[in-house]
Amino acid sequence: MFTINSVTAKQHKINELDKKIKNAQEKLNSARIMDQQLSQFSRIIDNSLTREASFSFDEINAFKTTIGRLADQRTITINKLSDSNKFSLPGLVETTYNLELEATYVQIGQFISDLESMDNIIKIQALDISPLAVSDKEVTAPNAPNRYRVTLELSVFKVKREA
């Protein structure tokens, strides 16, 4: 009788400890997920704060290189890529990129999704999509997807830190 009572009490204690461990494990997993999400958000904030009055040439060239890499991954043709500084609101630094691309609708969607996943604050100012004129010399495959000329104007922002 004493053994049964002792074992039953120990079994209840083990079950209680198992529940506590399970609860603590769930909290740990939630904390890991939140940490991962917040670290990505922290990267965006770090990339978006500056003490400078404008973007540096290195930042502009790095962004152009990234756009070129993204377009190359999606087999998108870049016909034009230019940048310019814009007058922006006080406390903001803005640079604008004008792109002229040739791509399919699927490639355009994937490219815009890639832009959204970057660690910068990006705003698409203008997006114009028009059919690509096919010359008489070009022969397209019967089931080839239609290609379009895409004119894209996007701005990258940084927030000036206060001293």
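The values are calculated or read from the model by the stated rules, or taken from the named source; none is laboratory data. Note that the structure is predicted; figures quoted are calculated from it, not measured. FYI the Cβ positions are ideal-geometry reconstructions off the backbone, even for glycines, and counts take in every protein chain you see. Please note that ligands, DNA and RNA were not included when accessible areas were found on the heavy atoms of the full protein model with its side chains. Shrake-Rupley method; radii C 1.70, N 1.55, O 1.52, S 1.80 Å.
Each of the peptides 101-110, 75-84 was scored by the mean count of other Cβ atoms within 10 Å over its residues; in descending order, highest first, they stand as 101-110, 75-84. Total lysine pairs in the chain at Cα distances under 29 Å, for residues eight or more apart or on different chains: 20.
Around S82, under 12 Å between beta carbons, what's the net of Lys plus Arg minus Asp minus Glu among the other residues? Around S82, the surrounding residues sum to -1. What spacing in nm lies between the two simple spin-label points modelled at S6 and R43, each 7 Å away from Cα in the Cβ direction? Those two pseudo-labels are separated by 5.7 nm. Take the chain with all the other protein chains still there, run a 1.4 Å probe, and you get 73 Å² of accessible area per residue. Taking each DSSP H run with n ≥ 4 as -39500 (n - 2.57) and averaging over every residue of the chain yields -16500 deg cm²/dmol at 222 nm. Tell me which of I44, T77, F87 sits at the most positive position along the dipole axis of the chain, charges placed on C-beta atoms (Lys, Arg +1; Asp, Glu -1). The listed residue farthest towards the positive side: I44. The magnitude of the dipole of the chain, with charges of +1 and -1 set on the Cβ of Lys/Arg and Asp/Glu and taken from the Cα centre, is near 860 debye.
Across the chain, the mean sequence separation of Cα contacts (distance under 8 Å, 6 or more residues apart), normalised by length, yields a relative contact order of 26 percent.
Each Lys and Arg contributes +1 and each Asp and Glu -1, all at the Cβ; summed about the Cα centre of region 32-86, the dipole is approximately 200 debye. Tell me which label goes with the value of Cα extents along the principal axes in Å computed from the coordinates here: [x] 91, 62, 16; [y] 65, 31, 22; [z] 97, 58, 22. Of the labelled values, this structure produces [z]. Packing, taken as the mean count of other beta carbons within 10 Å per residue, orders the peptides 18-31, 117-130, 54-67 from highest to lowest as 54-67, 117-130, 18-31. Cα axis of helix 57-73 to longest principal axis of the chain: angle in degrees, 0 to 90, nearest 10? The angle comes out at about 80 degrees.
Stretched out fully, how many nm does the piece from S117 to F57 gain, at 0.36 nm a residue minus the Cα gap?
Numbers: separation 60, 0.36 × 60 = 21.60 nm, distance 2.25 nm.
Between S117 and F57, full extension yields an extra 19.3 nm.
At a 1.4 Å probe radius, carbon and sulfur cover how many percent of the accessible area of the chain? Looking at the chain in its full context, I get 55 percent from C and S.
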